[in-house]
Amino acid sequence: MTHIQININSKIYPAVQKAGQHLAIADLKLTLHSNEFICLVGPSGCGKTTLLNIIADLDPDYEGEIIVGRQHAHPKIGYIFQNPRLLPWRTVRENIELVLESKQRADIIDPLLETMQLTQSQHVYPERLSVGMSRRVSIIRAFAVDPEVLLMDEPFVSLDAPTARQVRELLLKLWQQRPHTVLFVTHDLREAIALADRIVFLSAAPMHVISEITVPIPRNDRDNEAALESFRQQLLQNYPDIKKLL
């Protein structure tokens, strides 16, 4: 995949009753490089989900452009929401099969199930899955379509810490096997440091990019809690305004 340039001049929500128009995003510019894992960090309600919906072409009402390579177009998207959105009347495997043509299914789904440790649960219905397992199914479904950009909107926000860590580790394992460009929204700076090649800090509305910081910790050291915490403290010391974004 070639790089993707996101230029959003403005995103305005219309007036509601007596309230005036709401300028959600203004003068936001962001470049996505091939197979890069980017974490977006910004205050609650600043417009992160709105940005993802624009990139996914779910919200065309904005001024700006998205350029894929040299073409004005929206990239092929895989979208992982906070809620896994699994159909309760279909099994794990059937929920994944929905996004694929029949001739592709076995070759694509079987290795994904194995990597995410769900092979034994592939014929189980969603009501019997734990929250963490449901998140893993949604990750598989998004990877299965081989997207140009994978959008993840706080997918681990409702998980307890041990489960979130397990699912993050499985996500990284899958991403390293099948590299994709990822935009991952989080409020957790530790999570961003553990996952990202680059962290993009976003302002309150009207949202724009405040700063972009490359994470220097090697991938094979990302399970070192001391290294992660040391870099987190360094960020908070060097960029004190970051605390306002969390």
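Of the residues that make up the range 134-151, is at least one modelled with pLDDT under 95, under 18 Å from L40 (Cβ atoms), among the charged types (D, E, K, R) and within 14 Å of the chain's Cα centre (by Cα)? So far as the range 134-151 goes, yes, one or more of its residues are modelled with pLDDT under 95, under 18 Å from L40 (Cβ atoms), among the charged types (D, E, K, R) and within 14 Å of the chain's Cα centre (by Cα). In this entry, P88 passes the filter for residues that are in a loop (DSSP other than H, G, I, E, B), more than 30 Å from I217 (Cα to Cα) and touching an Asp or Glu at 6+ places or on another chain (Cβ under 7 Å). Of the residues making up the range 61-74, none is in contact with a His (Cβ under 7 Å, 6 or more places away or on another chain), closer than 29 Å to R136 by Cα and either modelled with pLDDT of 90 or more or of a type outside the set (F, W, Y) (or both). Is at least one residue of the range 137-149 part of a strand (DSSP E or B), touching a Gly at 6+ places or on another chain (Cβ under 9 Å) and in contact (Cβ under 8 Å) with a residue 60 or more places away in the chain? The answer is yes, given that some residue of the range 137-149 is part of a strand (DSSP E or B), touching a Gly at 6+ places or on another chain (Cβ under 9 Å) and in contact (Cβ under 8 Å) with a residue 60 or more places away in the chain.
Per the listing T50, T91, the residue uniquely surrounded by 15 or more Cβ atoms within 10 Å (Cβ to Cβ), β-branched (V, I, T) and modelled with pLDDT of 95 or more is T91. Does the range 79-97 contain any residue that is farther than 26 Å from E169 by Cα, within 21 Å of the chain's Cα centre (by Cα) and aliphatic (A, V, I, L, M)? No, the range 79-97 contains no residue that is farther than 26 Å from E169 by Cα, within 21 Å of the chain's Cα centre (by Cα) and aliphatic (A, V, I, L, M). Kindly indicate whether any position in the range 113-128 is part of a helix (DSSP H, G or I), out of contact with any Lys or Arg (no Cβ under 6 Å at 6 or more places or on another chain) and among the hydrophobic types (A, V, I, L, M, F, W, C). Among the residues of the range 113-128, at least one is part of a helix (DSSP H, G or I), out of contact with any Lys or Arg (no Cβ under 6 Å at 6 or more places or on another chain) and among the hydrophobic types (A, V, I, L, M, F, W, C), which makes the answer yes. What about R105, is it of a type in the set (K, R), assigned to a helix (DSSP H, G or I) and under 15 Å from I139 (Cα atoms)? Against the criterion (of a type in the set (K, R), assigned to a helix (DSSP H, G or I) and under 15 Å from I139 (Cα atoms)), R105 does not qualify. Go through the range 189-205 and report how many residues are within 21 Å of S134 (Cα to Cα) and surrounded by fewer than 21 Cβ atoms within 10 Å (Cβ to Cβ). The qualifying residues number 1.
Condition check ((1) among the aliphatic types (A, V, I, L, M); (2) buried (at least 17 other Cβ atoms within 10 Å of the Cβ)) across all residues:
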site	(1), (2)
E114	no, no
S121	no, yes
L129	yes, yes
I139	yes, yes
L151	yes, yes
V167	yes, yes
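Residue-level check: of (1) surrounded by fewer than 15 Cβ atoms within 10 Å (Cβ to Cβ); (2) closer than 30 Å to A26 by Cβ, Q176 misses just (2).
If the condition is being out of contact with any helix residue (DSSP H, G or I) (no Cβ under 6 Å at 6 or more places or on another chain), closer than 24 Å to F156 by Cβ and surrounded by 18 or more Cβ atoms within 10 Å (Cβ to Cβ), then the range 57-82 contributes P75, I77, Y79. Taken as a whole, the condition of being at pLDDT 95 or above and within 30 Å of R198 (Cα to Cα) does not apply to L58.
The values are calculated or read from the model by the stated rules, or taken from the named source; none is laboratory data. Please read all numbers here as calculations on a predicted model, not as lab measurements. Positions of Cβ are backbone-derived with ideal geometry, glycine not excepted, and every protein chain shown enters the neighbour counts.
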